[in-house]
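Readers should treat all values here as calculations from the given coordinates under stated rules, not as data from a laboratory. Values in this document were obtained by computation on a predicted structure and should not be read as measured data. Cβ placement follows ideal geometry from the backbone for every residue including glycine, while neighbour counts extend to all protein chains displayed.
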Amino acid sequence: MKTFEVTDDARFEFDLRGFLHLRGAMEPDEVNEYLKWGKEAEDVDLEALNADFPEGMKRHSNRPVSRIIDVDPRFAIFWDHPSVVPFIQEFLGEDYKHIDNELYYTYPGYGGGGWHRGVNVHPTGHVVNGKFICPMVKVFYCITDVGPGQGEFEVVPGSHRAQFVIDMHGRIDLPGQHIFDDVRAGDIIIFNEGLLHNGRPNPTDHTRKTIIVNLGRADAGVWEGYRPREETLAAVTPRQREILSNTNPEFWKQPVLV
Ligand SMILES: O=C(O)CCC(=O)C(=O)O
């Protein structure tokens, strides 16, 4: 398993652009294992899974499964994967917490999402006195290749400190955007949720598969319906339990202005 260090270069890049693209961060055997877990989870009974929060059927994407951690606790590896831990601790602090999680497929025919961000912009892009103070950071574990036109993920680098508002309604393309169209299965993307981001339409017959883990600082709450079940917490390692046992109030309280 490849390990990464938080170098001065990485710090500089994450501050400036708001994301890092860790290439080849997962080995092919590892990715194949995760693809298998995904396949096994695809047919879960979503109504039964969401019996404790039926609204999840409408409000969560379930493409194919939101709150994947409650379907298969093996996915807990993604909360403290050795390739990402140094970065997450640098950006969120050592006591980072779980916010939400998805097994996320961008199927053929997907029409594209809408530009959004999970937290507000910050005048310095969430750096104060030389330290990151990001409230929310997302990790995308990419388990399929993604080439041009295949429903790519996209961000606007630097938009975590944007000072002007533009009309984003109905737009697939924004000025200054970065399209992740050279992704290989095994890559990991880490981004500041203050960045504008979106999923592009997928007119191909290729499904983009991502495992998404959303993390916050020690005071972060879970998104609605994402508090893990007791059985899930019992099945994971003590460290994963610590991250997943988020006792802060539900909902991300900060209103997000886009
Ligand atoms: O990967 C994508 O298509 C978009 C995912 C997204 O917008 C999100 O996780 O907030």
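Annotations for the structure displayed:
- Among PHE164, PHE12, PHE87, residue whose mean-square fluctuation peaks in a GNM of the chain (springs only between Cα atoms under 10 Å): PHE164
- 3J(HN,Hα) couplings calculated from phi for region 58-74 with the Karplus curve 6.51 cos²θ - 1.76 cosθ + 1.60 (θ = phi - 60°) are, in sequence order, 9, 8, 8, 6, 6, 10, x, 9, 8, 6, 4, 4, 7, 8, 8, x, 4 Hz; Gly and Pro show x.
- Scaled against 2.2 N^0.38 Å for its residue count N, the alpha carbon radius of gyration of region 123-258 is 1.19.
- Three-way shape call for region 62-149 based on the alpha-carbon gyration tensor, with the a/c threshold at 1.5: oblate
- Figure legend: label point modelled 7 angstrom from the Cα of TYR107 along Cα→Cβ; residues of region 201-218 with amide N under 19 Å from it are 201-212.
- Within the straight-line cut-off of under 22 Å between alpha carbons, the lysines reachable from LYS2 are LYS36, LYS138, LYS209, sequence neighbours fewer than 8 places apart in one chain being disregarded.
- The modelled label-to-label distance between GLN163 and THR3, using points 7 Å beyond Cα along the C-beta direction, is 4.2 nm.
- The modelled label-to-label distance for the pair ILE133/GLU55, using points 7 Å beyond Cα in the direction of Cβ, is 3.0 nm.
- The label-point distance for GLU42 and ARG184, in a model that sets each label 7 Å from Cα toward Cβ, rounds to 2.5 nm.
- Residue with peak Gaussian network fluctuation, the chain [Cα springs, cutoff 10 Å], from GLN89, GLN163, GLN240: GLN163
- Cβ-defined net charge surrounding VAL165, 15 Å radius [Lys, Arg +1; Asp, Glu -1]: +2
- Calculated [θ] (222 nm, deg cm²/dmol) that DSSP helices of n ≥ 4 give over the chain, each run adding -39,500 (n - 2.57): -5500 deg cm²/dmol
- Given the chain, longest segment not containing exposed loop trypsin sites (Lys or Arg not before Pro) (DSSP; at most 16 other Cβ within 10 Å): 24-170
- Chymotrypsin sites (Phe, Trp or Tyr not before Pro) within region 169-258: DSSP coil, no more than 10 neighbouring Cβ in 10 Å: PHE251
- D_trans [Stokes-Einstein, Kirkwood Rh over alpha-carbon pairs] for the chain, 37 °C, 0.692 mPa s, µm² s⁻¹: 177 µm²/s
- Residues ILE88, ILE212, ILE179, ILE69, ranked from the fewest to the most other C-beta atoms within 10 Å, line up as ILE179, ILE212, ILE88, ILE69.
- Highest-MSF residue in the chain out of ASP100, ASP45, ASP187 [GNM, Cα springs under 10 Å]: ASP45
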